[in-house]
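This report concerns only the one structure given below.
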Amino acid sequence: MRIGFVGLGTMGAKMAERLLKAGHDLVVHNRTRAKEEQLVALGARRAATPAECAAQRDLVITMVADTPDVQAVVLGDEGAVLGMEKGSVLVDMSTISPTTTRRLAAALAEHDVDMLDAPVSGGSEGAANGTLSIMVGGEEKVLARVRPALDVLGKTVTHVGSIGAGQVAKAVNQVILAGTYASVAEGMALAQAAGIDVQAALRALGGGAAASWVLENRAGNMLAGNYPLGFRTRLHRKDLGIALAAARDLGVAIPVAAFVEQLETSLVTQGFGDEDVSNIARVVRRQSGLDE
Ligand code: NAP
């Protein structure tokens, strides 16, 4: 397919690389233009703006940080919509507000461009290995047109409902992860303070009911007190903000997610927002006397 890819951050760079290696015709754009060079070296062409990146493409993928950022790269002065052909598809794979997603889809429909929301779970490892879990909102017949590209990026590509439904599913994912990160951090602090063989304990736990992606992939960070990316704490806090707003609108109480959002606010304020979200262990370890 002829694909335009906007946003070459932790996730986007790895996803764009997979699309190139699968043989797709790729044009890339990133706000910090230097990040395009690694993809150009692999055979991509570069574009100076999102609009230029979207020209003569069947599919445009956006993978940027937050809701206003997607609005800027899609509808801004040099936004993708200005370059997109009638009948082409925009797939936003960032994690953003479901309400704004629906507004973006309506704006694109006025230009005869279809939109899907397709946020992902599976971390930077999933982006590199093509093992993401992709949650898709929008029309199934539109998904069928772009599925060959999404299948390169995800182990599972699941249609979860109409436009915006993918973002709601992702908010649920982030609420579940909030509790998991906090609980794994507490468990690791307890194991370390007790002085047991933590690696042996991790092997035992990984085969039981406490097994999780966080335990398997991030307990090591928590034990070492070292939090390389991964997934930025400020981005997970952003996602919990989306989930808390939805919960408030629906009258649903999610106090654990609210608590973790506050811990993350504290980490961001202290300057740790660009570390991996496993740094929630900083709070737990300090409270337990494991760190100063
Ligand atoms: P990241 O490393 O912070 O990269 C963010 C990307 O967005 C960069 O390319 C950045 O450009 C671009 N960007 C930000 N604001 C922009 C703006 N106003 N205009 C144009 N471009 C802008 O983030 P990431 O980890 O790749 O995450 C991307 C999205 O995926 C987020 O919505 C995140 O919540 C979601 N996600 C992340 C993970 C993960 O494990 N990392 C997992 C699942 C989902 P610059 O290079 O110029 O800053």
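The values are calculated or read from the model by the stated rules, or taken from the named source; none is laboratory data. As the structure is a computational prediction, the values presented were derived from the model and not from experiment. Here Cβ is always computed from backbone atoms with ideal geometry, including for glycine, and neighbour counts include all displayed protein chains. The accessibility values were calculated without ligands, DNA or RNA, using every heavy atom of the protein model including side chains. Shrake-Rupley method; radii C 1.70, N 1.55, O 1.52, S 1.80 Å.
Of the set (1) surrounded by 16 or more Cβ atoms within 10 Å (Cβ to Cβ); (2) within 16 Å of the ligand (Cβ to nearest atom); (3) farther than 13 Å from residue 18 by Cβ, all apply to residue 156 but (1). Only a single item in (1) at pLDDT below 95; (2) small (Gly, Ala, Ser); (3) in contact with a Ser or Thr (Cβ under 7 Å, 6 or more places away or on another chain) is not met by residue 123, and it is number (3).
Would you confirm whether any residue within the stretch 237-244 is over 15 Å from the mean Cα position of the chain (by Cα) and at pLDDT 95 or above? Scanning the stretch 237-244, I find at least one residue that is over 15 Å from the mean Cα position of the chain (by Cα) and at pLDDT 95 or above, so the answer is yes. Here residue 116 meets each of (1) within 18 Å of the chain's Cα centre (by Cα); (2) part of a helix (DSSP H, G or I) with one exception, condition (2).
Of all residues being farther than 14 Å from residue 162 by Cα and of a type outside the set (D, E, K, R) in the stretch 105-122, which is farthest from the ligand (Cβ to nearest atom)? Just the residue, please. The residue in question is 109. Return the residue satisfying two criteria in turn: it lies in the stretch 52-81 and is touching a His at 6+ places or on another chain (Cβ under 9 Å) and open to solvent by 10 Å² or more (accessible area, probe 1.4 Å), and of such residues it is farthest from residue 8 (Cα to Cα). Here the residue is 81. Condition first: over 23 Å from residue 238 (Cβ atoms), surrounded by 15 or more Cβ atoms within 10 Å (Cβ to Cβ) and among the aliphatic types (A, V, I, L, M). Can you find one or more residues in the stretch 166-176 that meet it? No: zero hits. Counting only residues that are within 17 Å of the chain's Cα centre (by Cα), of a type in the set (S, T, N, Q) and assigned to a loop (DSSP other than H, G, I, E, B), the stretch 85-111 holds 3 of them. Is it true that residue 102 is more than 9 Å from the ligand (Cβ to nearest atom) and open to solvent by 20 Å² or more (accessible area, probe 1.4 Å)? Here the answer is yes, as residue 102 does meet what is asked. Could you please let me know if residue 26 is in contact with a helix residue (DSSP H, G or I) (Cβ under 6 Å, 6 or more places away or on another chain), under 21 Å from residue 239 (Cβ atoms) and either surrounded by 16 or more Cβ atoms within 10 Å (Cβ to Cβ) or of a type in the set (D, E, K, R) (or both)? No: the conditions fail for residue 26. On inspection, residue 125 qualifies as open to solvent by 40 Å² or more (accessible area, probe 1.4 Å), within 13 Å of the ligand (Cβ to nearest atom) and not polar (S, T, N, Q).
Considering the conditions (1) of a type in the set (D, E, K, R); (2) in contact with a helix residue (DSSP H, G or I) (Cβ under 6 Å, 6 or more places away or on another chain); (3) within 16 Å of the ligand (Cβ to nearest atom), residue 170 is excluded by exactly one of them, (2). Could you please tell me which pairs satisfy a Cβ distance under 9 Å, a separation of 6+ or placement on different chains, a first residue in the stretch 102-122 that is within 28 Å of residue 10 (Cβ to Cβ), and a second residue that is among the acidic types (Asp, Glu) and away from the ligand (no atom under 16 Å from the Cβ)? If the second residue must be among the acidic types (Asp, Glu) and away from the ligand (no atom under 16 Å from the Cβ), the pairs left are 105/114; 108/114; 113/85; 114/139; 116/139.
Restricting the stretch 85-97 to residues that are touching a residue at least 40 places away in the same chain (Cβ under 8 Å) and within 14 Å of the ligand (Cβ to nearest atom), the residue that is surrounded by the most Cβ atoms within 10 Å (Cβ to Cβ) is 93. State whether one or more residues within the stretch 211-232 are open to solvent by 30 Å² or more (accessible area, probe 1.4 Å), under 20 Å from residue 175 (Cβ atoms), away from the ligand (no atom under 15 Å from the Cβ) and over 20 Å from the mean Cα position of the chain (by Cα). Yes, the stretch 211-232 contains a residue that is open to solvent by 30 Å² or more (accessible area, probe 1.4 Å), under 20 Å from residue 175 (Cβ atoms), away from the ligand (no atom under 15 Å from the Cβ) and over 20 Å from the mean Cα position of the chain (by Cα).
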